[in-house]
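The values are calculated or read from the model by the stated rules, or taken from the named source; none is laboratory data. Quick caveat: nothing in here was measured; it's all calculated off a predicted structure. Cβ coordinates were reconstructed from backbone atoms using ideal geometry, including for glycine residues, and neighbour counts include every protein chain displayed. What goes into the accessible areas is simple: the full protein's heavy atoms, side chains included, and nothing from ligands, DNA or RNA. Shrake-Rupley method; radii C 1.70, N 1.55, O 1.52, S 1.80 Å.
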There are 2 protein chains.
Amino acid sequence: MSNHEPSRTRRRRGSAHPTLKDVAEAAGVSSITASRALNTPERVNEETRKRVLQAVDRVGYVPNLIAGSLASASSRFIAVIVPSLANTVFIEVIKGLQDTFESRGYQILLGNTDYDLQREQQLVRTFLGWSCSALVTAGLRHSEGCRTLLSNWDKPIMEVMELGKAQDLNVGLDHEEAGRCMARHLLERGYRSIVYVGACMDRDYRAGMRFAGHCQVLEGAGLEAPLIELDQLGSLAAGAAGLDRVREAFPSARAIHFANDDLATGALLHAQRLGLRVPVDMAIAGFNGLPLGQHVTPRLTTIQSPRETMGRLAAEEILRRLDGKRVTRRQQDVGFQLLGGQST
Amino acid sequence: MSNHEPSRTRRRRGSAHPTLKDVAEAAGVSSITASRALNTPERVNEETRKRVLQAVDRVGYVPNLIAGSLASASSRFIAVIVPSLANTVFIEVIKGLQDTFESRGYQILLGNTDYDLQREQQLVRTFLGWSCSALVTAGLRHSEGCRTLLSNWDKPIMEVMELGKAQDLNVGLDHEEAGRCMARHLLERGYRSIVYVGACMDRDYRAGMRFAGHCQVLEGAGLEAPLIELDQLGSLAAGAAGLDRVREAFPSARAIHFANDDLATGALLHAQRLGLRVPVDMAIAGFNGLPLGQHVTPRLTTIQSPRETMGRLAAEEILRRLDGKRVTRRQQDVGFQLLGGQST
DNA sequence: TAGAACTATGTTAGCGCTAACATGGTAGCG
DNA sequence: CGCTACCATGTTAGCGCTAACATAGTTCTA
């Protein structure tokens with residue numbers, strides 16, 4: 001009764017749920033009017049609109065967004081691809097994106113590459129298949145195939161985190177400069193025997209960029225720039241291990257420049273357990289400006305990166321494009337800030 | 001040439017991209033065969049399948065998943081609704097879900113309620129509109145309207161985090177019992193003057209459940225169970241403030257049971273800055289078992305909750321249902337574990 | 001007051017894909 | 001050898017919605 005008559009003999013997966021047609025019948029209008037009442041209310045008489053909205057409630061209509069997307073060839077999905085969910089940094093960027101997009105009625109499709117470019121390419125394919133309105137991806141490094149897929153795509157593409165030669169839009173910061181900045185700070189504080197501790201820099205290549213900046217400055221000062229590379233991306237435990245390895249490999253080291261705050265804080269807490277005085281016996285510096293590092297004693301010297309802001313700015317720039325406005329800035333440098341703590 | 005003839009006079013949003021029909025023509029088969037070659041390869045002759053796959057590459061076909069979902073009335077989307085992205089706890093649950101679902105070809109649709117039940121209801125509506133294959137939501141508390149929407153829905157519904165009277169499936173732990181467990185531990189260690197520090201327990205009602213358990217034990221022992229409630233959910237800074245407030249309001253307090261590890265660790269680090277000895281002058285306990293608390297000195301006494309496991313188990317149970325298997329367990333208790341540290 | 005301009009609603013034709021049914025060919029069986 | 005069974009492929013008819021065009025009524029303009 002409440003359901004459509006099956007067409008003669010052929011059965012069809014009838015989805016039981018009320019459709020726009022049911023709403024239209026209940027309101028005594030055509031389905032296109034019901035559609036307009038919901039999507040472009042200003043194009044419908046107020047009286048009619050009210051009748052339609054009542055009908056929606058009465059029949060318990062939930063719009064089929066898939067059908068709508070197919071018909072209109074656009075989905076209000078924003079694809080977001082990050083290399084990891086285990087890293088607070090990406091979570092905060094996602095948060096900035098999500099807050100901005102969700103309030104404008106866009107839905108985020110989250111993809112996690114686990115630092116695998118092939119996986120990224122596969123995700124991009126899938127997301128293109130969902131007719132996303134835009135795509136945000138962390139970083140500028142992609143596989144060949146991924147690049148091809150993206151360059152044949154006609155919607156906004158936003159690459160966040162670092163700055164460089166982007167496909168389309170780009171919001172990020174200069175990691176090499178950040179590395180230089182911290183290295184300069186350490187030199188200014190009088191340290192000469194400085195070790196960089198990275199972690200999986202083939203995957204976390206932004207840490208590699210910071211290391212490159214670090215090296216430039218140290219070499220410019222005529223100093224060695226020794227490196228210890230850990231096999232865990234960023235954790236307190238790995239940081240503790242890093243401190244041990246530095247002390248073993250470079251007994252004369254007086255300062256450690258860590259690739260991120262997790263490592264640095266882990267080392268700092270470990271130093272306390274060992275009875276090492278920070279920074280007297282060993283100076284420790286990080287990168288990211290996580291709350292964690294700002295609550296330990298001594299407070300961690302680090303570089304604050306505006307992650308949530310980065311997500312927000314990226315989202316706003318995309319929204320401008322989606323609203324048909326001309327691009328204001330294809331590339332935006334969100335900058336960073338040295339947080340001088342007591343650990344150096 | 002590469003495009004469809006527009007139908008007489010009527011123009012149509014022609015999406016430029018190659019469609020399955022183009023692939024089929026290039027491979028010299030009908031489009032349903034091309035569809036089968038991609039989706040149910042075992043139902044197509046190997047030779048034909050190869051021709052189709054070559055054609056896919058040749059024309060640069062990207063499947064339109066929206067059209068596919070509409071036709072098949074199912075989308076391989078899993079809706080996941082959490083109250084916050086700022087809280088590591090939910091991120092880890094999401095990670096467990098994502099790892100399990102992504103490997104099976106499902107895409108997560110992430111929604112963030114900001115602890116607002118109306119917002120949750122709106123998200124549920126939207127997600128139902130996307131014909132999700134299943135819905136996962138954090139917690140058992142929902143608005144009336146949300147409950148109605150869910151009960152009229154015919155796909156798996158999974159409620160995670162706490163245990164109780166669920167709509168459908170339920171994976172979580174007993175927060176009241178966790179609260180009792182920690183309270184008992186504190187009593188066993190000899191503490192008698194114990195303050196609970198919560199934060200926004202109207203929103204983080206699971207912390208309220210733990211507080212309830214805490215109260216039961218203390219009252220059972222004939223003790224008072226004073227409460228300090230903070231207005232920030234969980235941060236190191238709020239924990240530090242919490243310690244100050246306890247010392248001011250309850251100078252005789254000898255132990256603090258914090259609602260979570262962020263607060264507890266913040267208090268612990270703050271205690272060190274103040275020169276308070278933990279646990280001699282003040283014992284501190286938390287909840288969650290975050291790595292953070294396990295790397296400070298003294299190591300934090302807390303309760304380990306298996307968050308990623310919770311996500312994984314939830315996903316696996318849903319997948320069983322989606323694979324048509326009979327429900328094994330509608331409700332699963334993932335349990336928890338007291339991590340005795342040196343802070344009590 | 002004719003006709004342009006605008007408003008409110010309706011009709012038609014798909015969006016790109018797949019479920020359901022149909023068809024022809026090849027084994028398999030007693 | 002006529003039968004069923006199965007395999008590989010094709011034809012048809014939508015899934016539920018909205019863009020494009022159409023139509024009738026109303027207001028504005030010169």
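Total residues in region A:215-239 satisfying the condition of being open to solvent by 10 Å² or more (accessible area, probe 1.4 Å) and either among the small types (Gly, Ala, Ser) or in a helix (DSSP H, G or I) (or both): the figure is 12. Looking only at residues in region A:14-58 that are surrounded by fewer than 17 Cβ atoms within 10 Å (Cβ to Cβ) and assigned to a loop (DSSP other than H, G, I, E, B), which one is nearest to DNA strand D (Cβ to nearest atom)? So, considering only residues that are surrounded by fewer than 17 Cβ atoms within 10 Å (Cβ to Cβ) and assigned to a loop (DSSP other than H, G, I, E, B), the one nearest to DNA strand D (Cβ to nearest atom) is A:SER15. Checked against (1) open to solvent by 20 Å² or more (accessible area, probe 1.4 Å); (2) over 25 Å from B:LEU150 (Cα atoms); (3) more than 9 Å from DNA strand D (Cβ to nearest atom), B:ARG76 passes all but condition (2). Only one entry in A:LEU85, A:LEU128, A:LEU97 is among the hydrophobic types (A, V, I, L, M, F, W, C), open to solvent by less than 50 Å² (accessible area, probe 1.4 Å) and farther than 16 Å from A:ARG307 by Cβ, namely A:LEU128. Out of curiosity, is A:LEU274 within 14 Å of another protein chain (Cβ to nearest Cβ) and closer than 23 Å to A:GLY172 by Cβ? Against the criterion (within 14 Å of another protein chain (Cβ to nearest Cβ) and closer than 23 Å to A:GLY172 by Cβ), A:LEU274 does not qualify. So B:ASP114 fits all but one of (1) open to solvent by less than 10 Å² (accessible area, probe 1.4 Å); (2) modelled with pLDDT under 95; what number is the exception? The single condition B:ASP114 does not satisfy is (1).
Report whether or not B:ASP281 is outside any strand (DSSP E or B) and under 23 Å from the mean Cα position of the chain (by Cα). Don't jump to the end; show me each part of the working.
Working: outside any strand (DSSP E or B): yes; under 23 Å from the mean Cα position of the chain (by Cα): no.
When the stated conditions are applied, B:ASP281 does not pass them.
Can you say whether A:GLU159 is free of Cβ contacts under 8 Å to residues at least 40 places away in the same chain, farther than 30 Å from B:TRP130 by Cα and either open to solvent by 20 Å² or more (accessible area, probe 1.4 Å) or outside the structural domain of A:ILE256 (by TED's automatic domain parsing) (or both), as far as the supplied structure shows? Please lay out each step first, then the result.
Numbers: free of Cβ contacts under 8 Å to residues at least 40 places away in the same chain: yes; farther than 30 Å from B:TRP130 by Cα: no; either open to solvent by 20 Å² or more (accessible area, probe 1.4 Å) or outside the structural domain of A:ILE256 (by TED's automatic domain parsing) (or both): yes.
In short, no.
Restricted to region A:277-310, and to residues there that are open to solvent by 20 Å² or more (accessible area, probe 1.4 Å) and of a type in the set (Ser, Thr, Tyr), the residue that is farthest from the other protein chains (Cβ to nearest Cβ) is A:THR309. Just give me the residues in region A:20-34 being under 41 Å from the mean Cα position of the chain (by Cα) and either more than 14 Å from chain B (Cβ to nearest Cβ) or charged (D, E, K, R) (or both), in sequence order. Result: A:LYS21, A:SER31, A:ILE32, A:THR33, A:ALA34. Just one of (1) part of a helix (DSSP H, G or I); (2) among the hydroxyl-bearing types (Ser, Thr, Tyr); (3) more than 13 Å from every other protein chain (Cβ to nearest Cβ) fails for A:TYR115. It is (1).
Would you check if B:ALA212 is touching a residue at least 40 places away in the same chain (Cβ under 8 Å) and not in a loop (DSSP other than H, G, I, E, B)? No; evaluated as a whole, the condition is false for this residue.
Number of residues in region A:29-56 that are within 7 Å of DNA strand C (Cβ to nearest atom) and farther than 21 Å from A:SER72 by Cβ: the value is 3.
So which of A:SER131, A:SER151, A:SER193 ends up being hydroxyl-bearing (Ser, Thr, Tyr) and modelled with pLDDT of 95 or more? Give the steps one after another, and end with the answer.
On the way: A:SER131 fails: modelled with pLDDT of 95 or more; A:SER151 fails: modelled with pLDDT of 95 or more.
From the options A:SER131, A:SER151, A:SER193, the qualifying one is A:SER193.
Away from chain B (no Cβ under 13 Å), of a type in the set (D, E, K, R) and assigned to a helix (DSSP H, G or I): does that describe A:ASP244? Taking the combined requirement at face value, the residue satisfies it.
The condition of being in contact with a Pro (Cβ under 9 Å, 6 or more places away or on another chain) and closer than 19 Å to A:ARG206 by Cα holds for A:GLU120.
Taken together, the residues in region B:70-93 that are more than 7 Å from every other protein chain (Cβ to nearest Cβ) and within 8 Å of the chain's Cα centre (by Cα) amount to 7.
Scan (1) open to solvent by 50 Å² or more (accessible area, probe 1.4 Å); (2) of a type outside the set (S, T, N, Q); (3) not in a loop (DSSP other than H, G, I, E, B) for the single condition B:LEU319 breaks and write down its number. B:LEU319 satisfies all of (1) open to solvent by 50 Å² or more (accessible area, probe 1.4 Å); (2) of a type outside the set (S, T, N, Q); (3) not in a loop (DSSP other than H, G, I, E, B) except (1).
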